[in-house]
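As structure tokens, the structure follows; a few thoughts come after it.
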């Protein structure tokens, strides 16, 4: 089992993805028979500026090669 990453080759082959082997923990969390949901609750003093928050996610977490989010609709898996 491997995961696609957006890391570029030193030669500058833009847009190409490398396959990296998954760790044992990553294999466990991506196994279809392992229904694990991670829910996080965060308390803050001030209100969140939605556009700033989303931009921060796009610049950090969503670019991480090991981050994945799977959406299930009508018994079909969709990666987002």
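Quick notes on this one:
- Restricting region 61-80 to residues that are assigned to a loop (DSSP other than H, G, I, E, B) and under 21 Å from residue 22 (Cα atoms), the residue that is modelled with the lowest pLDDT: 80
- Just so you know, in region 22-53 the residues that are loosely packed, with under 10 Cβ neighbours inside 10 Å and closer than 17 Å to residue 65 by Cα include one that is modelled with the lowest pLDDT, and it is 25.
The values are calculated or read from the model by the stated rules, or taken from the named source; none is laboratory data. In this text the structure is predicted, and so the values were computed from the model without any measurement. We place every Cβ from the backbone using ideal geometry, glycine too, and count neighbours over all the protein chains shown.
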